[in-house]
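Derivation of every value follows stated rules applied to the coordinates shown; laboratory data play no part. Please read these numbers as outputs of a predicted model, since none were measured by experiment. As a convention, Cβ positions derive from the backbone with ideal geometry for all residues, glycine included, and neighbour counts pool all protein chains shown.
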């Protein structure tokens, strides 16, 4: 599912991204996007309002959420080595409290028994 427009607001420690359909209606499902850190663990990089996980993946490609390098300082500040979503990154459906792991074949739901990062305790969590 594609989107017609994207609005990105960069905060100190993450981005807030809203996607709009062809009628310019804002998506209402919230997803946290967690990128794998080079030294291990994860950090939340964005809160995305989207209609689907596939939209989250497309939105988190650098040419969509930071086409002119606007997020470069954010990425450095939270010590990441990548801007676009890549294999091993996580997405959490906030309303359903479901976690997904990105691979080249798409999103895979993390089944019971995994302990996803808890952003209420630390922005830098390890699985």
Original post:
For 17, 110, what's the fewest-to-most ordering of other Cβ within 10 Å of each Cβ?
Top reply: 110, 17
Subject >> Stretchable slack from residue 68 to residue 10, in nm (0.36 nm times residue separation minus alpha-carbon distance) >> reply: 19.6 nm
Subject >> Ranking of 37, 49, 109 by count of other Cβ atoms within 10 Å, fewest first >> reply: 109, 37, 49
Subject >> Cα convex hull of the chain, projected area averaged across orientations, nm² >> reply: 7.6 nm²
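Arrange 60, 85 by Cβ neighbour counts within 10 Å, fewest through most, would you?
Details: 60 26, 85 23.
Sorted ascending by nearby Cβ count, the order is 85, 60.
What number, rounded to the nearest 500 deg cm²/dmol, is the helix-based mean residue ellipticity at 222 nm of the chain, given -39500 (n - 2.57) per DSSP H run of at least four residues and division by all its residues? Before the final figure, lay out each step's value.
Details: 3 runs with 17 residues, N = 127.
Roughly -3000 deg cm²/dmol at 222 nm, from the helical runs in the chain.
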Subject >> Förster-model FRET efficiency, 25 Å R0, residue 76 and residue 97, C-beta, rounded to 0.05 >> reply: 0.25
